[in-house]
Amino acid sequence: MKNSTDMSRTQRVLLIDRDGTICQEPSDEQVDSLEKLKFVPGVIGALSFLRRHTDFRFVMVSNQDGLGTPSFPEDTFWPVQNFILDTLKGEGVEFDDIKIDRHFPEENAPTRKPGTGMLTEYMNNAEYDLADSYVIGDRDSDAQLAENLGCKALILGRDGMTWEKITELIFAGERKAELRRITRETDVYVKLDLDGSGKTDIQTGIGFFDHMLDQIGRHGMIDLTVKTKGDLNVDEHHTIEDTGIVLGECSRKALGDKRGIERYGFCLPMDDCLCQVALDFGGRPWLVWDAEFKREKIGDFPTEMFFHFFKSLSDSAQINLNIKAEGENEHHKIEGIFKAFARSLRMAVRRDIHHFQLPSTKGQL
């Protein structure tokens, strides 16, 4: 194990659960023999990458119910534990510390997760930056441990979380942002997570607009909250325009330095319509719009504002958008555009941590 006293700056920590996170948990919830040991898919490669490419301290934190009792003797636990450690060590993964709690759930000991008793040396210690550290687990108790410590939580299986996604978030950082913009005409709040699972909470006061923004979140796999209060007693213009501005600014903020992103992004059919959205996060705003609408409104959304929304978004996000749509059904046409935009966005913001470079020959985007 590595010596934490050699740290020259504030140390970040990965607090990693064992059963269910490193190794699969069998039906009886006891990994007490080598025959029952199976590693979670992707875990060895993920831990090896993080060990090589980050400076986190690795700490195993595990509840082992009643270890050392007749029902769970020591000599059934340590061969499995040592095999796990030796296998990981062979791939360059060594733990700096190991914390094992031996109490039964009903004993409610302070050392048992989500209690923090095993981790007092990391708490209120200037050497450790818990706010920028993670608990990695598979249960609600792991998420609660993170909250109790003031850490961030990454829970396997929750909202599609995998070891691949965990590796990306820890190595390259989370891509979240929230902004609020208040003028005499509107009050717009946007919060988004580019690495989310498509959860949305949209309230703009314009029903069809809510439906379209929901498409961006769900088809772009972006967690998206939009709360807009506008002067709808005048008309819809300010509400739609200002929402586009704040959504664009928030997207640009969440992307950060753009290293590792695909940068470019989709065309899709929707019944009678064919919709195409090409996108470039190149830092130069531009909008090409090739879509005509015969109706004045779709739902409660003026069709003239579709162009204006994407123009506002393109300018504030500093993206190049090329949008085309053909077809007869006006509803299908605009919904197809929003879905294609969402898919294009999802494609363009995808990151490759194994080629973590800026996708530009100029050196900046």
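The values are calculated or read from the model by the stated rules, or taken from the named source; none is laboratory data. No experiment lies behind these values; they were computed from the predicted model shown. As a convention, Cβ positions derive from the backbone with ideal geometry for all residues, glycine included, and neighbour counts pool all protein chains shown. The area values use the complete protein model at the heavy-atom level, side chains included, leaving out ligands, DNA and RNA. Shrake-Rupley method; radii C 1.70, N 1.55, O 1.52, S 1.80 Å.
Some observations on this one:
- Filter result (in contact with a Gly (Cβ under 8 Å, 6 or more places away or on another chain) and part of a strand (DSSP E or B)) within the stretch 69-100: Phe72
- Test: residue in the stretch 50-68 that is charged (D, E, K, R), assigned to a strand (DSSP E or B) and under 20 Å from Ile170 (Cβ atoms): yes
- With respect to the conditions (1) part of a helix (DSSP H, G or I); (2) farther than 20 Å from Gly20 by Cα, Met118 lacks only one, and its number is (2).
- Of the residues making up the stretch 121-139, those that are assigned to a loop (DSSP other than H, G, I, E, B) and aliphatic (A, V, I, L, M) are Met123, Ala126.
- Scanning the stretch 216-227 for residues being part of a strand (DSSP E or B), in contact with a Phe, Trp or Tyr (Cβ under 9 Å, 6 or more places away or on another chain) and open to solvent by less than 50 Å² (accessible area, probe 1.4 Å) gives a total of 2.
- The sole residue among Ile182, Ile155 that is over 23 Å from Gly260 (Cβ atoms), out of contact with any strand residue (DSSP E or B) (no Cβ under 7 Å at 6 or more places or on another chain) and among the aliphatic types (A, V, I, L, M) is Ile182.
- Scan of the stretch 234-291 for residues that are farther than 15 Å from Ile323 by Cβ, part of a helix (DSSP H, G or I), touching a Leu at 6+ places or on another chain (Cβ under 8 Å) and open to solvent by less than 60 Å² (accessible area, probe 1.4 Å), ordered by number: Thr239, Thr243, Ile245, Val246, Leu247, Cys250, Ser251, Ala254, Leu255
- Candidate set: the stretch 172-215, residues that are hydroxyl-bearing (Ser, Thr, Tyr) and either closer than 30 Å to Arg51 by Cα or surrounded by 21 or more Cβ atoms within 10 Å (Cβ to Cβ) (or both); chosen: the one farthest from the chain's Cα centre (by Cα): Thr186
- Of the residues making up the stretch 293-313, those that are open to solvent by less than 70 Å² (accessible area, probe 1.4 Å), more than 16 Å from Val190 (Cβ to Cβ) and not aromatic (Phe, Trp, Tyr) number 7.
- Residue within the stretch 342-354 that is under 27 Å from the mean Cα position of the chain (by Cα), more than 23 Å from Arg218 (Cβ to Cβ), assigned to a loop (DSSP other than H, G, I, E, B) and not basic (Lys, Arg) present: yes
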